[in-house]
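Asker: Next up is a structure, given as structure tokens.
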């Protein structure tokens, strides 16, 4: 039997409120609309993605509908922060981090959301699985949303530094173009979302890296209903 909820979805009791059903998506193609979109960071708009995620102070009051959906082929020229979800981080079972390029979700990492807050879930200790199998076995020099703070490398998973030509890792948001130390992170606009395009870490200079269009974060709650589309 096909079940549809046309108005509101009741979320975990920790929220004590109804949440619009359109905030939930079947991101992984399971047939369940169980992932709530809580953040989208857009590349090359010259607004800090870290600030947008952390407190939303550079996110406009009016957001284009495309920035809140998963039809990623549609244009979006801002960051999107679901302040209700991020400011009331509770009862989270899993967190899905995704990289979007060319209208498709090209890379994902799933994290255990239990006993986390909205800043510390993105970590080695909460890692479950990802599009990069070697994330489980290789060492990580940086693994966090704050990343390498002094050089504005955010949502940063890095394998090693050994002088700029030898730096290597998996994903980085270059959140400034002012006084960046390495050639691999220089561009004419920011934020730059760089990701290793194959299934392993790469040299940031010579490896198989691509620049993405967006970064997305979804949460799955440990109780409450899902929508079957």
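Since every read-out is calculated from the coordinates, none of them should be taken as a lab result. Predicted model only: the values in this text are computed from it and were never measured. Please note: Cβ atoms are built from the backbone with ideal geometry, for glycine as well, and neighbour counts cover all protein chains shown.
Asker: The list (i) 30, 19, 16; (ii) 37, 23, 14; (iii) 43, 17, 15 gives values of semi-axes √(5λ) of the Cα gyration tensor in Å, and only one came from this structure; which label was calculated from it?
Answerer: Identified label for the calculated read-out: (i).
Asker: On to the next question. Ignoring everything except DSSP H segments at least 4 long, calculate the 222 nm mean residue ellipticity for the chain; use -39,500 (n - 2.57) per segment, divide by total residues, nearest 500.
Answerer: Theoretical 222 nm ellipticity from helices: -1000 deg cm²/dmol.
Asker: Between residue 177 and residue 112, what's the calculated FRET efficiency when r is the beta-carbon distance and R0 is 41 Å? Round to 0.05. Spell out each step's value before the answer.
Answerer: On the way: r = 34 Å, r/R0 = 0.83.
That pair, residue 177 with residue 112, gives E of 0.75.
Asker: By the gyration tensor of its Cα atoms, with a ≥ b ≥ c the square roots of the eigenvalues, what is the shape of region 40-116: rounded for a/c under 1.5, prolate for a/b over b/c, or oblate?
Answerer: Oblate.
Asker: Can I ask one more? May I ask you to compute the full-extension gain from residue 222 to residue 30, defined as 0.36 nm times their residue separation minus their alpha-carbon distance, rounded to one decimal in nm?
Answerer: Stretched out fully, the residue 222 to residue 30 stretch lengthens by 67.4 nm.
Asker: Further question on the same structure: Is region 142-210 rounded, prolate or oblate when judged by the Cα gyration tensor, a ≥ b ≥ c being the square roots of its eigenvalues, rounded requiring a/c under 1.5 and prolate requiring a/b larger than b/c?
Answerer: Rounded is the answer for region 142-210, as its axis ratio a/c remains below 1.5.
Asker: With the contact rule set at Cα under 8 Å and sequence spacing of 6 or more, what percent relative contact order holds for region 142-210?
Answerer: On the way: 142 pairs, mean separation 17.6, N = 69.
Value for region 142-210: 25 percent.
Asker: Springs between alpha-carbon pairs under 10 angstrom, Gaussian network model over the chain: which of 215, 28, 86 fluctuates most?
Answerer: 28
Asker: Work out the FRET efficiency for residue 188 and residue 138 from their Cβ-Cβ distance, taking R0 = 25 Å, and round it to the nearest 0.05.
Answerer: After rounding to 0.05, the efficiency reads 0.20.
Asker: Tell me the relative contact order for the chain as a rounded percent, counting alpha carbon contacts under 8 Å between residues six or more apart.
Answerer: Over the chain, the number comes to 26 percent.
Asker: Right, something else. Classify region 64-108 from the C-alpha gyration tensor, please: rounded if a/c falls under 1.5, else prolate or oblate depending on whether a/b exceeds b/c.
Answerer: Numbers: a/c = 3.11, a/b = 1.43, b/c = 2.17.
Oblate, because a/c is 1.5 or more while a/b does not exceed b/c.
Asker: Still on this model: Using only Cα atoms, locate the centre of region 118-133 and the centre of region 38-71, then give the distance between them in Å, rounded to an integer.
Answerer: For region 118-133 versus region 38-71, the Cα centre distance is 22 Å.
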